[in-house]
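First the structure, in the form of structure tokens, and then the observations on it.
The values are calculated or read from the model by the stated rules, or taken from the named source; none is laboratory data. All of these numbers come straight from a predicted model, not from anything done at the bench. Cβ sites come from the backbone with ideal geometry, for glycine too, and all protein chains shown count toward neighbours. Accessible surface areas use protein heavy atoms only, side chains included; no ligands, DNA or RNA. Shrake-Rupley method; radii C 1.70, N 1.55, O 1.52, S 1.80 Å.
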Amino acid sequence: MKKPFTKTIDGNAPSVRKMDFEALENVPRYYFNDNAIMTHALNSFHVIFPEGERFFIRSVKPFQDRLKSEALKNRVKAFIGQEVQHGKEHERVWTSIRKFGLPLDRIARFYYFTCYKVIFKLLGFLFGPKINLSITAALEHYTATLGEISLKHDLAKDVQGDMKKLLVWHACEEIEHKSVVYDVLQEVAPSYFLRIVGYMIATVMLWSYAILFQYWFLLADKEVSWKKFKEDRRYAREQMAISVPPLYKGFLKYFKKDFHPDQMGGYELAEAKLATL
């Protein structure tokens, strides 16, 4: 990073932090503990996040003027600013992925067309713009939950260089703004049915694309032999054993009628981890 920062974590007033990581365009081929399975799991999110962040912004913007609270309006502005920065930083990793001859651009084109030109166009036609807001609130719950799990168990400890800093920073900010879109949804469309429909759609789409792209990268990677794949599975399974149970608990909590993202906590943890960068 070229500059340090001093803005602390505050869920009631999120801050936009321009991190400017220096080495994302030149990360090693397997930057996650020299493990192809875990590296390509993260590479799948590097594809999903940039356009996903832009979708989040497009989803919340139509409802900004309908909000009564100035505080919530300001939180939405900060949310949009943070998502812009997240998309930019993750997209910078694309340069590194391309250098290894991986089909990043083909995957990104497939993702953009199938997700945003087909699936979301159809959902918008059937349900209107509120379904996008509901899906975004659901995905924000997932990213905040994943962020908290990652920070709590230090899952990025074996990630190299600025990639580790990127993951920690992103996790902290996902926790910081996790309730923004949910609060917008509750103000403009407080329907439990809409919230859960959006959640189920988000669940299927997120994990379908993430797993598909992970294995697309693995199959296209000429350096991943069957021997390396088998060797890498043990470490990958250890990571899954740590992350999946709390992720499943977080999944179930969203179904509670009185659920709110703040019930998940994590603000103090994010503050402590952000201070280490």
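Brief remarks on what is shown
- List 203, 136, ordered by accessible area with a 1.4 Å probe, largest first: 203, 136
- Cα-based convex hull, the stretch 1-113, per residue volume (Å³, whole number): 116 Å³
- Area of residue 158 that stays accessible when all protein chains are in place (1.4 Å probe, Å², to 10): 50 Å²
- Taken about its Cα centre, the chain carries a charge dipole of roughly 580 debye when the Cβ of each Lys and Arg holds +1 and the Cβ of each Asp and Glu holds -1.
- Convex hull of Cα atoms in the stretch 209-277, direction-averaged projection (nm²): 7.3 nm²
- Computed extension gain for residue 71 through residue 16, at 0.36 nm per residue and net of the alpha carbon distance, reaches 18.2 nm.
- Across the stretch 91-133, the convex hull enclosing all Cα atoms gives 62 Å³ per residue.
- Additional length obtainable on full extension of the chain from residue 158 to residue 247, 0.36 nm per residue less Cα span: 30.0 nm
- With R₀ fixed at 41 Å, the C-beta to C-beta distance from residue 222 to residue 119 puts the FRET efficiency at about 0.85.
- Scanning the chain for DSSP H helices at least 18 Å long along the axis (C-alpha atoms) with a Kyte-Doolittle mean no lower than -0.5 picks out 36-60, 130-152, 161-176, 192-220.
- The apolar share of the surface of the chain, taken as the fraction of accessible area on carbon and sulfur atoms (1.4 Å probe, ligands and nucleic acids excluded), comes to 59 percent.
- The residue among 132, 180, 119 whose Cα reaches farthest toward the positive pole of the charge dipole of the stretch 36-275, with charges on the beta-carbon of Lys, Arg, Asp and Glu, is 119.
- When only Cα pairs below 8 angstrom with a gap of at least 6 residues are kept, the stretch 36-275 shows a relative contact order of 33 percent.
- Per residue, the accessible area of the stretch 53-201 comes to 41 Å² when a 1.4 Å probe rolls over the protein heavy atoms.
- Cα-Cα separations in the stretch 36-275 greater than 22 Å, expressed as whole percent: 54 percent
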